[in-house]
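Down below is the structure, laid out as structure tokens.
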Amino acid sequence: MDLSSAKQALACEHLVKNKGKLEPGLHSIPEEIDREIARLKLEAMNIDLDTLTDEQVKYMNSWTSGT
């Protein structure tokens, strides 16, 4: 429940901040809002995420799919 409430509150804030800039219609919540909600929830649960090293990112990006 806390995650959906946070999403609704931050979505409303986004709408207010972008008043007059958005076209009428259905809009997805921006990814940065979803990520911020997830970060805050994990922080509240005392869960840390590892950050990839540059070497790990290079290795991960070296793989290709289907070739």
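Key figures for this structure:
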| item | result |
| --- | --- |
| Computed over the chain, Kirkwood Rh from alpha-carbon pairs, angstrom | 15.1 |
| Calculated FRET efficiency for the pair residue 42/residue 19, C-beta based, R₀ 35 Å, to 0.05 | 0.70 |
| Heavy atoms of residue 15 accessible to a 1.4 Å probe, total area in Å² rounded to 10 | 100 |
| Fraction of accessible area attributable to carbon and sulfur, the chain (%, probe 1.4 Å) | 57 |
| MRE, 222 nm, helices only [DSSP H, n ≥ 4, -39500 (n - 2.57), over the chain, to nearest 500] | -18000 deg cm²/dmol |
| Candidate lysines - alpha carbon under 20 Å from residue 17, same-chain residues fewer than 8 apart omitted | 7 |
| Per residue solvent-accessible surface (Å²) - the chain, probe of 1.4 Å | 95 |
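The values are calculated or read from the model by the stated rules, or taken from the named source; none is laboratory data. Being a predicted model, the structure only gives us computed values, none of them experimental. Cβ: placed from backbone, ideal geometry, glycine included. Neighbour counts: every protein chain shown. SASA here: full protein model, heavy atoms, side chains in, ligands and nucleic acids out. Shrake-Rupley method; radii C 1.70, N 1.55, O 1.52, S 1.80 Å.
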